[in-house]
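Asks: Questions regarding the structure given below will be posed in turn.
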Amino acid sequence: MEYKWINKQNNKNLIVFFNGWGMNERIVSSLGFQNFDVLVFYDYRNFELGEFNFSQYENKNLAAWSLGVYVCNNFYSQFSDFGNFVAINGTQKPVDDNFGIPEKIYNLTVDNFNELSCRKFMKKISSDINIQDYCSRNCNELKEELISIRDLKPNKFFKFNKAYVSLNDKIIPAKNQINFWEKEGVEVIKLDKMHYIFDSFKNWSDLL
């Protein structure tokens, strides 16, 4: 895994963001920081996180997008004392016929992954921006990441406070997302968007 502090000004408020598959930290560059320090995790080819000390923060939030909604649970012990958890177009069962990406589709995506299918996949994320601009890994690395996430088995799962679901999501079916979060008793906020939603918000506090 990789990480980057995209804002670190010794604020009292923290946001830890678990990115989606394939993306780098620039995917959230349009969001204003206000009085938040923001730490972004990405590249899930391995799950070596390292140790972080967040004791100086009074207000700690975790936001996760897409497959990051699943990956973040692998680090339950590091973030279990956070006060707010926000899911964005993802579930805690990412490869699932009823609650995530249908298993057959996920496996076919992995098995047939190449440069052409990657470009087609990226276009399904958003029609508003060029997603390729926010992906800094090659085709083989992206395939490794898909396999790594599929094989991950977290032991404990966060209780999310709310979940954004895009009704036009072409990556994780909106119906499956809603099924999952309603089963979990989590507030669902529906948006008329595709998988990428960050241009719907001016800053991080709006998202939270």
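The values are calculated or read from the model by the stated rules, or taken from the named source; none is laboratory data. Source: prediction; values computed, not measured. Don't worry about glycine lacking a Cβ; one is built from the backbone with ideal geometry, like all the others, and counts go over all protein chains shown.
Asks: Kindly indicate the residue of region 190-208 that is among the hydrophobic types (A, V, I, L, M, F, W, C) and part of a helix (DSSP H, G or I) and also nearest to Ile27 (Cα to Cα) among those meeting that condition. Break it down stepwise before answering.
Replies: Let us first name the residues in region 190-208 that are among the hydrophobic types (A, V, I, L, M, F, W, C), namely 191, 194, 197-198, 201, 204, 207-208.
Cutting the leftovers down to part of a helix (DSSP H, G or I) gives us 198, 204, 207.
Details: Phe198: 8, Trp204: 13, Leu207: 14 Å.
Residue satisfying both the conditions and the ranking: Phe198.
Asks: Another question about this same structure. Filter region 50-68 down to the residues that are more than 17 Å from Asp81 (Cα to Cα) and of a type in the set (A, V, I, L, M) and list them by number.
Replies: The first filter runs over region 50-68 and keeps only residues more than 17 Å from Asp81 (Cα to Cα), leaving 50, 65-68.
Leu67 - this is the single residue of region 50-68 that is more than 17 Å from Asp81 (Cα to Cα) and of a type in the set (A, V, I, L, M).
Asks: Also: Restricting to region 74-127, and then to whatever is closer than 20 Å to His195 by Cβ, in a strand (DSSP E or B) and touching a residue at least 60 places away in the same chain (Cβ under 8 Å), can you tell me which residue is farthest from the chain's Cα centre (by Cα)?
Replies: Ile101
Asks: Filter region 185-196 for residues that are farther than 10 Å from Asp128 by Cβ and in contact (Cβ under 8 Å) with a residue 40 or more places away in the chain; which is surrounded by the fewest Cβ atoms within 10 Å (Cβ to Cβ)?
Replies: Restricting attention to region 185-196, the residues satisfying the condition of being farther than 10 Å from Asp128 by Cβ are 185-192, 195.
Going one step further and asking which of them are in contact (Cβ under 8 Å) with a residue 40 or more places away in the chain, we end up with 186, 195.
Numbers: Val186: 16, His195: 20.
Going through the qualifying residues, I end up with Val186.
Asks: Follow-up question, since we're still on this one. So, in region 166-182, of the ones that are without any contact (Cβ under 8 Å) to a residue 60 or more places away in the chain and in a helix (DSSP H, G or I), which residue ends up farthest from Asn98 (Cα to Cα)?
Replies: Ranking the candidates gives Glu182 first.
Asks: Right, here's the next one. Taking Ser136 and the conditions (1) small (Gly, Ala, Ser); (2) modelled with pLDDT of 95 or more; (3) over 22 Å from Leu14 (Cα atoms); (4) in a loop (DSSP other than H, G, I, E, B), which numbered condition does it fall short on, given that it satisfies the others?
Replies: That leaves (2) as the condition not met.
Asks: Within the group Glu182, Glu115, Glu103, Glu144, which residue is among the charged types (D, E, K, R) and at pLDDT below 95?
Replies: Values: Glu182 fails: at pLDDT below 95; Glu103 fails: at pLDDT below 95; Glu144 fails: at pLDDT below 95.
Answer to the selection: Glu115.
Asks: For region 31-51, give me each residue that is touching a helix residue (DSSP H, G or I) at 6+ places or on another chain (Cβ under 6 Å) and either more than 30 Å from Lys143 (Cβ to Cβ) or surrounded by fewer than 21 Cβ atoms within 10 Å (Cβ to Cβ) (or both). Break it down into steps so the answer makes sense when it comes.
Replies: From region 31-51, those touching a helix residue (DSSP H, G or I) at 6+ places or on another chain (Cβ under 6 Å) are 31, 34, 36, 40, 44-45, 47, 49; that's our starting set.
Hits for region 31-51 are Gln34, Phe36, Arg45, Phe47, Leu49.
Asks: Further, regarding this structure: In this structure, is Ile27 crowded, with 23+ Cβ neighbours inside 10 Å and either in contact with a helix residue (DSSP H, G or I) (Cβ under 6 Å, 6 or more places away or on another chain) or of a type in the set (Phe, Trp, Tyr) (or both)?
Replies: For Ile27, the condition - crowded, with 23+ Cβ neighbours inside 10 Å and either in contact with a helix residue (DSSP H, G or I) (Cβ under 6 Å, 6 or more places away or on another chain) or of a type in the set (Phe, Trp, Tyr) (or both) - is met.
Asks: Under the condition of being assigned to a loop (DSSP other than H, G, I, E, B) and among the hydrophobic types (A, V, I, L, M, F, W, C), which residue from region 1-49 is nearest to Ala87 (Cα to Cα)? First the steps, then the outcome.
Replies: Restricting attention to region 1-49, the residues satisfying the condition of being assigned to a loop (DSSP other than H, G, I, E, B) are 1, 8-12, 19-24, 29-31, 33-35, 43-49.
Subsequent filtering for residues that are among the hydrophobic types (A, V, I, L, M, F, W, C) retains 1, 21, 23, 31, 33, 47, 49.
Numbers: Met1: 20, Trp21: 14, Met23: 16, Leu31: 16, Phe33: 19, Phe47: 20, Leu49: 20 Å.
Here the residue is Trp21.
Asks: Considering region 103-149 alone, what residues qualify as being surrounded by fewer than 12 Cβ atoms within 10 Å (Cβ to Cβ) and under 16 Å from Asn19 (Cα atoms)?
Replies: Residue satisfying the conditions is Asp133 alone.
Asks: Here's another thing I want to ask about it. Which residue, of Phe54, Phe17, is of a type in the set (Phe, Trp, Tyr), within 22 Å of Lys159 (Cα to Cα), surrounded by fewer than 21 Cβ atoms within 10 Å (Cβ to Cβ) and in contact (Cβ under 8 Å) with a residue 24 or more places away in the chain? So that I can check it myself, show each step before the final result.
Replies: Details: Phe17 fails: surrounded by fewer than 21 Cβ atoms within 10 Å (Cβ to Cβ).
Just one listed residue meets the conditions, Phe54.
Asks: Also, quick follow-up: Going through region 59-73 one residue at a time, which ones are among the hydrophobic types (A, V, I, L, M, F, W, C) and assigned to a helix (DSSP H, G or I)? Give the steps one after another, and end with the answer.
Replies: In the first step, residues of region 59-73 are kept if they are among the hydrophobic types (A, V, I, L, M, F, W, C); the result is 62-65, 67, 69, 71-72.
Scanning region 59-73 gives Val69, Val71, Cys72.
Asks: Spot the failing condition for Asp81; the list is (1) exposed (fewer than 14 other Cβ atoms within 10 Å of the Cβ); (2) more than 23 Å from Ala163 (Cβ to Cβ), and only one is missed.
Replies: With respect to (1) exposed (fewer than 14 other Cβ atoms within 10 Å of the Cβ); (2) more than 23 Å from Ala163 (Cβ to Cβ), Asp81 is out only on (2).
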